[in-house]
Structure formats: structure tokens, C-alpha cells
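All remarks here apply to the structure that follows.
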């Protein structure tokens, strides 16, 4: 998004997407910025099937967020990945799983949410 529309456009759109996504979440969930214009959501006690449904809902809702920008309306198409944190996982091991999943999707070998 930032490559196509510039840093300022991303800076304007990302907080709007964040507010919209936060409205979908439970009080126990946490949503934060991750890697520039990405987000990381932590959903305690959420199994893989509900997690995938939440990811799909987040993707759908985020795609409807639009901001006026120089006579145009800018929106995003969000990709989502989900994983369950297991006993013994570290932040690094979770990040590695998610990164591997993203790379599979980019290579056309995975479904991706």
C-alpha cells in the first residue's frame, strides 16, 4: 500500500483500519501494530477454527475501510495468517511459523486467509 500510495496515505489509513478491527475484538483480545503497516492480534483461548473465522471477518471488515485521499477513496486488501501459540513457543518461533505461512501464500502454495 505504501509503495503504491506513499507513506502519508498509509499513515492516514492504518489507524482507521486499527479502530475498525478493534471494534471486532473481545475485551480480552489485544491488537497492535506489527512490522510497519501490519497488525498482530492476540486472542486468548481461541481455537484454530474460531481463529480462522475471526481472521476472515477481520479481512472482510478491513477491506471496507476507506479514507478520502486527494479526490480518491483509498482502501486496502488485507492478508491474514493465523497460528495457535503452543506451550514452549517463543515470540520468535511464532513469528517464524507466521512468516513461513506468508511465504507459502506468496509462492502460491498455501491458502492464506
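Per this entry, residue 27 is not counted among residues that are surrounded by fewer than 13 Cβ atoms within 10 Å (Cβ to Cβ) and in contact with a strand residue (DSSP E or B) (Cβ under 7 Å, 6 or more places away or on another chain). Within the stretch 82-113, being surrounded by 11 or more Cβ atoms within 10 Å (Cβ to Cβ) and modelled with pLDDT under 85 holds for 101, 102, 103, 104, 105, 106, 110, 112, 113. Against the definition (exposed (fewer than 15 other Cβ atoms within 10 Å of the Cβ) and in contact with a strand residue (DSSP E or B) (Cβ under 9 Å, 6 or more places away or on another chain)), how does residue 65 come out, yes or no? Criteria not met by residue 65. Residues in the stretch 56-73 that are out of contact with any helix residue (DSSP H, G or I) (no Cβ under 6 Å at 6 or more places or on another chain) and either outside any helix (DSSP H, G or I) or modelled with pLDDT under 90 (or both): how many? So the answer is 7.
The values are calculated or read from the model by the stated rules, or taken from the named source; none is laboratory data. None of the values given here were measured: they were computed from a predicted structure. Reconstructed Cβ throughout: ideal geometry from the backbone, glycine too, with neighbour counts over all protein chains shown.
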